[in-house]
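K.L.:
Got a structure for you, written out below as structure tokens; questions coming shortly.
Bear in mind that the values in this text are calculations on the coordinates, not laboratory data. These numbers were taken from a predicted model, which means no experiment stands behind them. A quick note on method: Cβ atoms are made from the backbone with ideal geometry, for glycine too, and the neighbour counts reach across all protein chains shown.
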Amino acid sequence: MTFHRNLLSTVLLGTLVACGGSSSNPFDNPPTISNPEGATGQHLSFAYFQKCVNPIFIAQLQIQLNGVTSTNTCAGSGCHDTVTGTGGAFRVVPAATTPIDVTVAANTPDVIRASDIYKNFYSAQGEVILGSVAQSRLLAKPLLLGVLHGGGLIFPSQNDPNAKLIQYWISHPAPLGQDEFSTASYSMFTPPDPMVGMCNS
């Protein structure tokens with residue numbers, strides 16, 4: 001009986017090795033998980049996000065769902081609220097409404113990254129494919145562009161003012177080699193000041 005168990009174990013191990021594994025790691029799983037940055041290596045602007053995009057997630061928006069028109073926010077409890085939301089991986093902290101003054105030296109990247117509004121930024125950029133506005137779920141879902149959205153149609157067209165702000169954010173990353181706090185992104189405002197400038201679109 002022991003001979004048969006040993007034989008069966010040897011045969012199974014040999015089968016696993018034949019499938020591309022090794023005897024020390026039969027399923028050939030990588031020792032660590034790799035999560036490389038996007039192909040361009042560029043970053044989206046935090047300053048533009050917090051002033052021009054984040055307010056869209058908090059605002060009361062008109063929704064078309066199953067032929068019924070209603071009003072809700074993306075940060076609603078049944079939608080993308082970070083605690084009670086049911087809307088997939090995209091999460092919004094509803095109380096994160098006050099922009100951080102990125103021009104104040106005390107607001108270092110570490111301070112900003114610990115804030116709730118940065119959590120919203122981080123979650124939103126996870127729904128973006130740089131260089132492809134149409135494939136970015138942050139825009140494709142509320143426009144129902146070839147993808148289902150449990151929250152229904154949020155933006156009636158790509159010309160919707162909110163949709164245009166999101167498109168502009170996605171299509172204007174910081175210059176290569178600069179992070180999400182790059183002052184080069186201040187040109188996304190008119191005048192080029194992230195605290196008093198108007199959001200370009």
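K.L.:
Taking square-rooted eigenvalues a ≥ b ≥ c of the alpha carbon gyration tensor, is region 51-98 rounded, prolate or oblate, where a/c under 1.5 means rounded and, failing that, a/b exceeding b/c means prolate?
P.N.:
Values: a/c = 2.38, a/b = 1.34, b/c = 1.78.
Oblate.
K.L.:
How far apart, in nanometres, would the label points at Leu144 and Val104 be if each is projected 7 angstrom from Cα along the Cα-to-Cβ direction?
P.N.:
That separation, rounded to one decimal, is 4.4 nm.
K.L.:
Given just the C-alpha atoms of region 124-201, how large is their convex hull per residue in cubic angstrom?
P.N.:
Values: hull volume 7.5 nm³, N = 78.
Given the Cα convex hull of region 124-201, per-residue volume reads 96 Å³.
K.L.:
Could you give the C-alpha radius of gyration of region 56-201 expressed as a fraction of 2.2 N^0.38 Å, taking N as the number of residues it contains?
P.N.:
Values: Rg = 15.7 Å, N = 146, 2.2 N^0.38 = 14.6 Å.
That ratio works out to 1.07.
K.L.:
Sticking with this structure for a sec: Given Cβ point charges of +1 (Lys, Arg) and -1 (Asp, Glu) and nothing else, what value in debye, to the nearest 20, does the dipole of region 93-199 about its Cα centre take? Write down the numbers at each step before the final one.
P.N.:
Values: 5 positive and 8 negative charges, 69 e Å.
Here the size comes out at about 340 debye.
K.L.:
Related question: Rounded to whole Hz and in sequence order, give me ³J(HN,Hα) for region 148-164 from the Karplus expression 6.51 cos²θ - 1.76 cosθ + 1.60, θ = phi - 60°, writing x for Gly and Pro.
P.N.:
Here the 3J(HN,Hα) series is 6, 9, x, x, x, 7, 9, 9, x, 7, 5, 8, 4, x, 5, 4, 5 Hz.
K.L.:
Let me ask you something else. Where in region 149-192 does the amide nitrogen come within less than 11 Å of the point 7 Å from the Cα of Leu65, taken along Cα to Cβ?
P.N.:
149-154, by backbone N distance to the label point.
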